[in-house]
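The values are calculated or read from the model by the stated rules, or taken from the named source; none is laboratory data. These figures come from a predicted structure and were not determined experimentally. With ideal geometry, Cβ positions are generated from the backbone for all residues, glycine too; neighbour counts draw on all protein chains shown. The accessibility values were calculated without ligands, DNA or RNA, using every heavy atom of the protein model including side chains. Shrake-Rupley method; radii C 1.70, N 1.55, O 1.52, S 1.80 Å.
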Amino acid sequence: MAASSPLTTGALQANSAGSGHANFGRLLLAEWTKLRSVRSTYWSLISLVVVFLFFSWLIPFLVVHNWDQASPSDKASLMEDPLATIMNFGILLGQLGVAVLGVLVTASEYSTGMIRSTLLASPHRMRMLAAKSVVFTVLVLIVGEIVAFAAFGIGQQTFKSLFSLHLNDDAHMRQVVGVGLYLGVLALFSLLVGSLIRHVAGAICTVIALVLVVGPLLQAIPGKAGQYLYTYEPTNAGYAVFQKDLPDKFLITAWEGFAVFAAWTAVLWVLAAWLLSRRDA
């Protein structure tokens, strides 16, 4: 047997701890050890933070700088939903770091063969997947919420020469909190796609296609079928939670959209757990 690497030491300790809640706690520690021991975690989260915060300043700055030349309709649109100006471009690009990292958390273990060590240390495969899911989702959720509130603060200060922006508005609070919630579920969604496909490049292409390509394309489909496909596509539904005004084709509310995204993710988790228990490593 090969010598244990720093990434699998925690998992091996988990296997020696017996069963039950204590064992799951050690699995959480093992997954956290693996996650924080690879550079991709830091680089992906740093890209999220830098991109998100940069554009939460840049786009409002450009709007303020060109305010006198803006048309009345553009000014009215900004005043109606200023958080879209602050948040949307940053999250459009920043979410890619989360999606890629989510895939790497699972798919890279198959490409490197480390999954065999993980499963040897933790024969209870569903428990292992649950621990991996909890650790990564919670990490991205926390980072996402911090970044969302920081972006709001940056945008608030940038726009202060034009108007005051506060979080005492329920819609504004939902938009800011919704960014972190969306990123947390996207992290788990991407992790599960990586677990299902088991190929890094293929899984990354799948997630990015869903996030950037499939959703917008569905908006072009005419009729009732187009409305349903557009509304219930996973990432479109998830996006709704941090939007103030939803497109006319969107058939449900913002929180219902988030629930749809969470439901898609839950279905993927069950499928990933079922296949994990039946497929060879």
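Residues of segment 98-119 being free of Cβ contacts under 8 Å to residues at least 40 places away in the same chain and over 30 Å from residue 145 (Cα atoms), which ones? Don't jump to the end; show me each part of the working.
Quick first cut of segment 98-119, residues free of Cβ contacts under 8 Å to residues at least 40 places away in the same chain only: 109, 112-113.
Of everything in segment 98-119, those that are free of Cβ contacts under 8 Å to residues at least 40 places away in the same chain and over 30 Å from residue 145 (Cα atoms) turn out to be 112, 113.
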Output for Cβ contacts, cut-off 8 Å, separation at least six or different chains, first residue touching a residue at least 24 places away in the same chain (Cβ under 8 Å) in segment 195-217, second assigned to a helix (DSSP H, G or I) and aromatic (Phe, Trp, Tyr), reads 198/110; 199/110; 207/189; 215/230; 215/239
Filtered residues of segment 260-281 (kept if of a type in the set (Val, Ile, Thr) and either free of Cβ contacts under 8 Å to residues at least 60 places away in the same chain or part of a loop (DSSP other than H, G, I, E, B) (or both)) = 260, 267, 270
The lone exception for residue 160 - which of (1) of a type outside the set (A, V, I, L, M); (2) assigned to a helix (DSSP H, G or I); (3) under 28 Å from residue 75 (Cα atoms); (4) open to solvent by 40 Å² or more (accessible area, probe 1.4 Å) it fails = (2)
Going through segment 206-248 one residue at a time, which ones are open to solvent by 40 Å² or more (accessible area, probe 1.4 Å), part of a loop (DSSP other than H, G, I, E, B) and of a type outside the set (Gly, Ala, Ser)?
-> 219, 221, 222, 244, 245, 246, 247, 248
Hey, can you tell me all the residues within segment 189-205 that are open to solvent by 30 Å² or more (accessible area, probe 1.4 Å) and in contact with a Gly (Cβ under 9 Å, 6 or more places away or on another chain)?
-> 200, 204
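Looking at segment 163-201, which of its residues are in a loop (DSSP other than H, G, I, E, B) and more than 18 Å from residue 132 (Cα to Cα)? Let's see the steps before the verdict.
Initially, segment 163-201 is screened for residues in a loop (DSSP other than H, G, I, E, B), giving 163-169, 198-199.
The answer is 163, 164, 165, 166, 167, 168, 169.
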Could you run through segment 168-213 and say how many residues are more than 16 Å from the chain's Cα centre (by Cα), of a type in the set (Gly, Ala, Ser) and closer than 17 Å to residue 257 by Cα?
-> 1
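On the basis of being over 16 Å from residue 235 (Cα atoms) and in contact (Cβ under 8 Å) with a residue 12 or more places away in the chain, does residue 185 make the cut? I'd like the intermediate steps shown before the answer.
Values: over 16 Å from residue 235 (Cα atoms): no; in contact (Cβ under 8 Å) with a residue 12 or more places away in the chain: yes.
The answer is no for residue 185.
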Please indicate, with yes or no, whether at least one residue in segment 113-129 is among the small types (Gly, Ala, Ser) and either touching a Pro at 6+ places or on another chain (Cβ under 7 Å) or open to solvent by 60 Å² or more (accessible area, probe 1.4 Å) (or both).
-> no
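Have a look at 200, 214, 260, 241 and point out the one that is at pLDDT below 90, at negative phi and hydrophobic (A, V, I, L, M, F, W, C).
Values: 200 fails: at pLDDT below 90; 260 fails: at pLDDT below 90; 241 fails: at pLDDT below 90.
Criteria check complete, one pass: 214.
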Test: residue in segment 169-181 that is touching a residue at least 24 places away in the same chain (Cβ under 8 Å), in contact with a Phe, Trp or Tyr (Cβ under 7 Å, 6 or more places away or on another chain), open to solvent by 30 Å² or more (accessible area, probe 1.4 Å) and of a type in the set (A, V, I, L, M) = yes
Give the residue that is nearest to residue 128 (Cα to Cα), with candidates limited to residues of segment 24-76 that are basic (Lys, Arg) and open to solvent by 50 Å² or more (accessible area, probe 1.4 Å).
-> 26
Among the residues of segment 31-89, which ones are of a type in the set (A, V, I, L, M), over 24 Å from residue 174 (Cα atoms) and touching a Gly at 6+ places or on another chain (Cβ under 9 Å)?
-> 46
